[in-house]
Amino acid sequence: MPPRQKSQNLSVVLLAAACMFPISSSGATDYYIDSVDGNDSNNGLSTNTPWASHSKAESTSLAAGDTIHFKRGSAFSGSIVISESGSPGNPIRLTAYGTGELPKFTNPSTGDESGNAIRVAGAYTIVENMHFHDTPGEYVSSSLIMTRLGALRINRGADHCIIRSNVFTQCGQGIMSAGQHTLITKNYLDGPSYALWRTDTSSWGPMGIHLNIGNQEVSYNTIKNYGTTDSPWGSDGGAIEIDYSGWFLDPGPWPKTNIYIHHNYSEGNAGFIESSWDFDFLPYGEEVYDWRVSFNVCYDGQSWLFMLAPCTGVYFDNNTVARYNSFGRSQNWGARMDVQGGSPVGVASGAHFRNNLFIYTGHDNPYQGNRSAGALKTGNWYMRIDDPGRVCTGDANQIGSGEPKLKDLIGGNYKLMPDSPLRGAATNLSAFYPNGVDFNGQPLPTNGNWDIGAMQYIVDDDADGMPDSWEFDHGLNIDTNDAACHSDNDGVNNYSEYIADTDPTNAASVLTIIDIDQTHCTLIRWKGGTMARQFLETKTDLDSTAVQWSAVFTNKPATPTTNDFVAPSTTNKASIYRIRAERP
């Protein structure tokens, strides 16, 4: 297969393709379904006359721009298929209305639409604010159904769909998408621990999101607990799997190109991403081109990454990968590049690892597999948590190995401490991520180095107006708003001490005038911090609002802790002085 061009603006392309179409409701119809108080003899056209059965959404002839509203507190069982398509300006939308719990959808049988609760067969469709639960399922009939299984399934050809803000609990496969230009975003998925299918030599574990074609985006989702130990390999399943979906059912080729996976949180899964190769239906086994996997935080067991397909132009950037809790999984590696097909085996993989933080245990190299050594690695940091002094042996270009100095590593707070060696140590990738943000939504610097990992350093994480680095240096709490506290009981609160750059834990360190000597002239002496701009100001009438303070001297940082100034002489007027500070 010929190489494809790398796409540095992949995020922009995908977002434009998937979700940035304007929504117009001109001529559209709104339908309402309430399983509790509705009636199928109603017309379904208002909240006062809703239908009761979700099957009415399937039997109604929908048009572009129409919306199906499901009442919160409703519950539905069995599958529905949305066959009609919306258009770029007028998508078909399935959403919730009312108050209370999200409307619930389940389908207990693989004999009914392969266990799908909702199957989307039309393009330009939005599914949002639904709760899918307890869909099949443990030990389903065969491996072929994996390409159709899913609580929410998007058919091939159902392109330009958006799946957002839904909840999936105890679904064997949460989302199965074979539609291109699909956006899967802001969903919460909490999976089961059973095997979907297994033999003595093979198995399928539960999967949160299963992509069966390229040109898709997966972002800002929380994916948890998809994995089983009921497997001949000791562990199987995972948060996201990407493979060729056709097999014998729909021979391709169907590309696994142009996929963007970013800003997701995964926890307790049997791995984060797996991409198939040897299970694809040859000769249509699809290599991987033009992926971005970035700004994800992953606290899982098994391998964070299991790439079985040959890669070209695939970038894993600014991820935080924590692999110190196996969650009972085996194969607890960081990134496994283990290509089972392709020729020649062992050459450079075409995968790039940049600015990632890897935390792992039990071995000195988080990279495994026959092509892992050929993967390009830049700007990464490593920590073997059971032996922090050990140096990673798998990356000759690493920034470093050892303690990354996070706020609470074991507690899952991966934000950087002020003295973290990850700060300013990463390559600036703004050419790949223009106008990008980190995992916490902070804008990424256009110029200068980035920080390693998914989270850039937060200047003031507790939002108390005092930079964390200043609080850290002065022994204050960087996780609590303590601006109004008087840590040294000197009558000046911590925030005012920051403004003056005095020590909030030392009562003798305060911004104040300490002497006015008028023996020969007016000599004013004061003390304060060193990094604030200081203003010596005067006025002649303290009580008059008409008389303003005027600066007679400006002291720019860095300043001595003690300063003198000879004031100009005045005639028959008493002068009042004050010292004021501000941060530059």
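The values are calculated or read from the model by the stated rules, or taken from the named source; none is laboratory data. Everything numeric here is computed off the predicted structure, so don't read it as measured data. Methodologically, a virtual Cβ is constructed for each residue, glycine included, from the backbone with ideal geometry; neighbour enumeration extends over all protein chains shown.
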Confirm whether GLY234 is over 18 Å from the mean Cα position of the chain (by Cα) and modelled with pLDDT under 85.
-> yes
Is there a residue in the stretch 60-69 that is in a strand (DSSP E or B), buried (at least 21 other Cβ atoms within 10 Å of the Cβ) and not aromatic (Phe, Trp, Tyr)?
-> yes
Taking the options ILE524, ILE499, name whichever one is of a type in the set (A, V, I, L, M), modelled with pLDDT of 95 or more, surrounded by 15 or more Cβ atoms within 10 Å (Cβ to Cβ) and not in a loop (DSSP other than H, G, I, E, B).
-> ILE499
Flagged pairs (Cβ under 7 angstrom, 6 or more apart or on separate chains; first in the stretch 69-95, at positive phi; second among the acidic types (Asp, Glu)) are GLY73/GLU101; GLY78/ASP112
Quick check, is ALA52 modelled with pLDDT under 95 and either surrounded by 18 or more Cβ atoms within 10 Å (Cβ to Cβ) or among the basic types (Lys, Arg) (or both)?
-> no
For the stretch 562-572, does any single residue satisfy the condition of being surrounded by 15 or more Cβ atoms within 10 Å (Cβ to Cβ), part of a strand (DSSP E or B) and at pLDDT below 90?
-> yes
Count - residues of the stretch 550-564 that are under 14 Å from ILE499 (Cα atoms) and charged (D, E, K, R) = 1
The residue that is farthest from the chain's Cα centre (by Cα), considering only those in the stretch 293-309 that are over 17 Å from GLY227 (Cβ atoms) and surrounded by fewer than 24 Cβ atoms within 10 Å (Cβ to Cβ), is LEU308
Filter pass, GLU113 being surrounded by fewer than 24 Cβ atoms within 10 Å (Cβ to Cβ) and out of contact with any His (no Cβ under 8 Å at 6 or more places or on another chain) = yes
Take ALA396 and decide whether it is of a type in the set (A, V, I, L, M), touching a Lys or Arg at 6+ places or on another chain (Cβ under 9 Å), at pLDDT below 95 and under 30 Å from PRO310 (Cβ atoms).
-> yes
Residue set ILE145, ILE163; condition of a type in the set (Val, Ile, Thr), in the same structural domain as ASP230 (by TED's automatic domain parsing) and surrounded by fewer than 24 Cβ atoms within 10 Å (Cβ to Cβ); output residue ILE145
Is the stretch 370-381 home to any residue that is at pLDDT 90 or above, part of a strand (DSSP E or B) and touching a Pro at 6+ places or on another chain (Cβ under 8 Å)?
-> yes
Restricting the stretch 176-210 to residues that are in a strand (DSSP E or B) and farther than 18 Å from TYR265 by Cβ, which is farthest from the chain's Cα centre (by Cα)?
-> ARG198
Residues satisfying the stated conditions in the stretch 441-455, i.e. loosely packed, with under 15 Cβ neighbours inside 10 Å and in contact (Cβ under 8 Å) with a residue 24 or more places away in the chain | GLY448, ASN449
Here are some residues: THR60, THR49. Which one is on the phi < 0 side of the Ramachandran plot and touching a strand residue (DSSP E or B) at 6+ places or on another chain (Cβ under 7 Å)?
-> THR60
Among VAL547, VAL459, which is the only one that is under 35 Å from the mean Cα position of the chain (by Cα), surrounded by fewer than 17 Cβ atoms within 10 Å (Cβ to Cβ) and on the phi < 0 side of the Ramachandran plot?
-> VAL459
Taking the stretch 275-289 and keeping only residues that are at pLDDT 75 or above and buried (at least 24 other Cβ atoms within 10 Å of the Cβ), one is left with SER275, VAL288, TYR289
So which residues in the stretch 167-192 are under 20 Å from SER114 (Cα atoms) and of a type in the set (Ser, Thr, Tyr)?
-> THR169, SER177
Any chance ASP515 is acidic (Asp, Glu) and touching a Lys or Arg at 6+ places or on another chain (Cβ under 6 Å) = yes
Is it the case that VAL492 is farther than 24 Å from LYS527 by Cβ, free of Cβ contacts under 8 Å to residues at least 60 places away in the same chain and part of a loop (DSSP other than H, G, I, E, B)?
-> no
Are there any pairs, at least 6 apart or on different chains, whose C-beta atoms fall under 9 Å, with the first in the stretch 456-477 and touching a residue at least 60 places away in the same chain (Cβ under 8 Å) and in a loop (DSSP other than H, G, I, E, B) and the second among the basic types (Lys, Arg) and buried (at least 17 other Cβ atoms within 10 Å of the Cβ), and if so, which?
-> none
